[in-house]
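Below is one structure, written out as C-alpha cells; the observations come after it.
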Amino acid sequence: MAELQEVQITEEKPLLPGQTPETHSVETPYGSVTFTVYGTPKPKRPAILTYHDVGLNYKSCFQPLFQFVDMQEIIQNFMRVHVDAPGMEEGAPVFPLGYQYPSLDQLADMIPCILQYLNFSTIIGVGVGAGAYVLSRYALTHPDTVEGLVLINIDPNAKGWMDWAAHKLTGLTSSIPEMILGHLFSQEELSGNSELIQKYRNIITHAPNLENVELYWNSYNNRRDLNFERGSDITLKCPVMLVVGDQAPHEDAVVECNSKLDPTQTSFLKMADSGGQPQLTQPGKLTEAFKYFLQGMGYMASSCMTRLSRSRTASLTSAASLDGNRSRSRTLSQSSESGPLPSGPPGHTMEVSC
C-alpha cells in the first residue's frame, strides 16, 4: 500500500498544468524589468498579465489567487505573465544612492517591451493598487493591445494637497513599512493583527530591498491623475472589472473610478469580508468573478459552473429580471455566504456585494 501511495504522489506532479515558471528580464528605455511566465501561448487567446502593488512582488500579491483550486481551470486556458516592478523581484539588488526610479507612467511604458519579447499582441491585465494604475495607464496609451482589465483597489487620482499634508504628517510618526501596510490593509485588519497581517508585516518590514520598495512607494505617491471622464476619449475602451473590499482603504476611490468609466463596459464588485486585499483573503470569490468576466468576453464559454454558482442561478436570474429600464446600473446584494458574482449582459454596470 505504501508503494502504491508513493507512485500516486510522483504521478500527480506532471499533471499540474503550467506550473513550471520561466523568469526573464528585458531592457527598456527606463531600465530592466523582470517577469515570470507560466504556461505556453494559446492560439487566438491573450495572455493574462499581472502587476502587483507597493510592498509586494508577484508572488506575495498573486500566489494565493492563482494557486486557488478553482483557478486551475482558468490558467489551463491562458498563458500568464507576472511582472515585477523594477527592484521588487526576489533577490533584487538595492539600487544605488541617487537612482531615479521610474514613474508609474514609465513603468507602463515598459510593458510593450515585454510583449515584444514574448511576441504577444494582446493581454488581459490584472492589477492591484499601484499595479492597477500602471495597467490602466498602459491601456490608455495602447488600447488595441488590451482585451480586458481586472483592477483591484485602483485610485486613478493624483494626490491632492490635503492628501499630501496627511501623508507628510503620517511620515513623521510612522515608518515606511507601517505606511505601506496602511495602504494595503484596512485599519480594522491592522488592529486585529491576524496571522495574515503578521505575515505581511514581516514580509515588508524585513524586506532586503526595502530601499527599493520605498522608491516604488514614492513613485505611487507622485502619480498623475488618469483624468478618466465618462463620455470622453480619456477612458478605458475594454471591458473592466473593478474590485474592492468592503473595508478597503481605497473603497471611495474605486467607487469614484466606477462613476467615471463607461457603464456599458464596466462591472463593479464590492466584496464583503475581504478587507484591503481580496485576492489574498477571498481568492475563491474573486476566481468565480474572474471566470464570469472571461466568459463575458467570449472565453471559456463551456466552463463548468461551481457548486456555489449552481445554487444561486435561480435566485440571481430572478433578481436580474427585475432590472427593468434602469439606465445605469444593476445592483444585486449577496451576503458573504451567498457565493459568486453573476455574469451580467454587456451594457450594464454591476454593483455587487458578495
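The values are calculated or read from the model by the stated rules, or taken from the named source; none is laboratory data. Note that the structure is a prediction, hence the values are computed from the model and not measured. As a convention, Cβ positions derive from the backbone with ideal geometry for all residues, glycine included, and neighbour counts pool all protein chains shown. The area values use the complete protein model at the heavy-atom level, side chains included, leaving out ligands, DNA and RNA. Shrake-Rupley method; radii C 1.70, N 1.55, O 1.52, S 1.80 Å.
Annotations
- All conditions but one from (1) touching a Pro at 6+ places or on another chain (Cβ under 7 Å); (2) over 25 Å from residue 178 (Cβ atoms); (3) assigned to a loop (DSSP other than H, G, I, E, B) apply to residue 96; the one that does not is (1).
- Within segment 184-210, the set of residues being open to solvent by 100 Å² or more (accessible area, probe 1.4 Å), assigned to a helix (DSSP H, G or I) and closer than 23 Å to residue 85 by Cβ comprises just one member, 199.
- Every condition in (1) farther than 20 Å from residue 125 by Cβ; (2) modelled with pLDDT under 50; (3) open to solvent by 20 Å² or more (accessible area, probe 1.4 Å) holds for residue 346 except the one numbered (1).
- In the set (1) hydroxyl-bearing (Ser, Thr, Tyr); (2) under 30 Å from residue 301 (Cβ atoms); (3) open to solvent by 20 Å² or more (accessible area, probe 1.4 Å); (4) not in a loop (DSSP other than H, G, I, E, B), the condition left unmet by residue 138 is number (3).
- Where residue 55 falls short, out of the listed (1) in a loop (DSSP other than H, G, I, E, B); (2) open to solvent by less than 50 Å² (accessible area, probe 1.4 Å); (3) out of contact with any His (no Cβ under 8 Å at 6 or more places or on another chain): (3)
- Checked against (1) within 29 Å of residue 269 (Cα to Cα); (2) open to solvent by 10 Å² or more (accessible area, probe 1.4 Å); (3) in contact with a strand residue (DSSP E or B) (Cβ under 8 Å, 6 or more places away or on another chain), residue 118 meets all criteria but (1).
- Which numbered condition residue 61 fails, given (1) part of a loop (DSSP other than H, G, I, E, B); (2) within 17 Å of residue 280 (Cβ to Cβ): (1)
- Segment 237-290: number of residues that are assigned to a loop (DSSP other than H, G, I, E, B) and closer than 20 Å to residue 68 by Cα: 7
- You will find that of 230, 223, the residue that is under 21 Å from residue 180 (Cβ atoms) and among the basic types (Lys, Arg) is 223 and no other.
- Within segment 220-256, the set of residues being surrounded by fewer than 20 Cβ atoms within 10 Å (Cβ to Cβ) and of a type in the set (Ser, Thr, Tyr) comprises just one member, 232.
- Filter pass, residue 101 being touching a Leu at 6+ places or on another chain (Cβ under 7 Å), surrounded by 18 or more Cβ atoms within 10 Å (Cβ to Cβ) and assigned to a loop (DSSP other than H, G, I, E, B): yes
- Selection count where residues are more than 24 Å from residue 238 (Cβ to Cβ) and buried (at least 24 other Cβ atoms within 10 Å of the Cβ), scope segment 265-276: 3
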